[in-house]
Amino acid sequence: MKTKTQVAIIGSGPSGLLLGQLLNKAGIDNIIVERVSPDYILGRIRAGILEQGFVDLVREAGVNQRMDEEGHVHDGFDIAYYGKRYRIDLNKLTEGSTVMCYGQTEITRDLMAARDAAGLTSFYESQDVQLHNVASDSPQVTLFKDGETITIDCDYIAGCDGFHGISRQTIPAEKRTEHERVYPFGWLGLLADVPPVSDELIYCKTERGFALASMRSATRSRYYLQVPLTDKVENWSDEAFWDELKKRLPEDSASNLITGPSIEKSIAPLRSFVCEPMQWGNLYLVGDAAHIVPPTGAKGLNLAASDVSTLYKLLQKRYAHGDLTAPQRYSEIALRRVWHGERFSWWMSNMLHDFEQGEVNGMHKATFDRFMQSELDFYLTHEEGQKVIARQYVGMPYEEVN
Ligand code: RFL
Ligand code: PHB
């Protein structure tokens, strides 16, 4: 079978779905090609914190009803630092900015429902997805599904297929530079239907390692523990998780902790990664396909959203205003914001985790720890320092696209 569209989108994660929805609203035809099933995608538990820019974009896409009803605005969060608690008052320190607590899974569910309702084409469970003639004016995507090969002719390809996708690999190695840092630990996450220990998030730096108390709603909690990269989720019974969490939470919170059976438990490795440039020919990399951040700054999904916003606006210029060269500006604009998010996530990760023995950043661990302790101390005890954290946590403004 052969078909045709203006923009072929690879991947039905939040990047692909949000881009598809925005393009459709702007009258730009698109098809989504996805390797797995919708249920598989909705089974992944990931982000929970949305920047204002993300929230505004979801509203622009017209898929905001449930987010606005069920999401919770957070005015601030806590950093507990060896037991001492500091509140980062986002609202006050940024003069009015906040973040929204609403799960990535729910956003994805809402976007999938909207796409279904609009009757847009998505090929789920596609096998052997390949991109062809990407550097030419007539790119193609092929896939194998239900016993036949499907060929999609298109003007542009949006590679929204995450870190392990094929889009980035389609760019010849000599045309891209990859920046990478892998951290010597992971996050063990647990989701449970118990009320959260606090109304706001608590990022905890302790001698036993990092912990994060987060949530999805007033009745559903999401907690994380820093664990060695070599650890396995099978090593952690629910009981062992709750016991360790109690030891890492500030005392007043630990005594309020309500525990219960886990709904989900998994380990995610921590990585900083950027692919430059984020485009080649008529292929554009969006979200995790182009960059990864450690989750400590809550920036991964939010950077994906700013990529989507940039590409969507440039494609609108191309199709609605005939500016044929507009999409060529994508990588340059997107990367400026990506590097801010990368730096902040790297900084938060350095500050709050316990690094393994030996050398860290080229210095002895004990020296590194003292530098980080002094730096965190400075930031948390000065309003100027807290402002720097708050401004970056709520997210840098989206750049104008001219
Ligand atoms: P996704 O979500 O990985 O979706 C990519 C989709 O592409 C499909 N795919 C293919 N399709 C066709 N052909 C192929 N060859 C394909 N290969 C792959 C995949 O099946 C998948 O459906 O990327 P996207 O859309 O760019 O979204 C990025 C976000 O998922 C990610 O940045 C965030 O989840 C990161 N993140 C967080 N971000 C935040 O902004 N705030 C947070 O609080 C936050 N917390 C987190 C996080 C990520 C975590 N993990 C597990 C990595 C917490 C965790 C624990
Ligand atoms: C989450 O709720 O999953 C979450 C929140 C904040 C982060 C990372 C993950 O920094």
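Side notes on the structure shown:
- Estimated 222 nm signal from helices in the chain, with DSSP H stretches of n ≥ 4 weighted -39500 (n - 2.57), rounded to 500: -11000 deg cm²/dmol
- The alpha-carbon of Lys387 sits under 17 angstrom from the alpha-carbons of these aspartates and glutamates, leaving out residues fewer than 8 places away in its chain: Glu51, Asp75, Asp78, Asp89, Glu95, Glu375, Asp377.
- Scanning the chain for GluC sites (Glu not before Pro) that sit in a DSSP loop and have at most 10 other Cβ atoms within 10 Å, the longest stretch containing none of them is 208-399.
- Förster radius 41 Å - calculated FRET efficiency between Val233 and Ala26, Cβ distance, rounded to 0.05: 0.45
- Per-residue Cβ neighbour counts within 10 Å put His382, His74 in the sequence His382, His74, beginning with the fewest.
- Counted charge near Met351, where neighbours are those whose Cβ lies closer than 14 Å (Asp, Glu -1; Lys, Arg +1): -1
- Taking other C-beta atoms within 10 angstrom as a stand-in for reagent exposure, Trp347, Trp339 fall in the order Trp339, Trp347, fewest first.
- Centre separation in Å (Cα based) which lies between the stretch 341-392 and the stretch 54-108: 23
- Nearest 10 degrees, 0 to 90: helix 300-321 Cα axis against the chain principal axis: 30
- In degrees, nearest ten, helix 14-25 long axis to first principal axis of the chain (Cα): 50
- Projected-area average for the chain over all orientations - Cα convex hull basis, square nanometres: 20.0
- Between 0 and 90°, nearest 10: helix 104-117 axis offset from the chain longest Cα axis: 20
- Residues Glu399 and Asn256, FRET efficiency given R0 of 45 Å [Cβ-Cβ distance, rounded to 0.05]: 0.60
- Separation between Cα centres of the stretch 122-163 and the stretch 204-255, rounded to whole Å: 41
Each value in this text was obtained by applying a stated rule to the coordinates, not by laboratory testing. Nothing here was measured: the structure is a model prediction, and the numbers come from that model. Cβ atoms come from the backbone with ideal geometry, glycine included; neighbour counts cover every protein chain shown.
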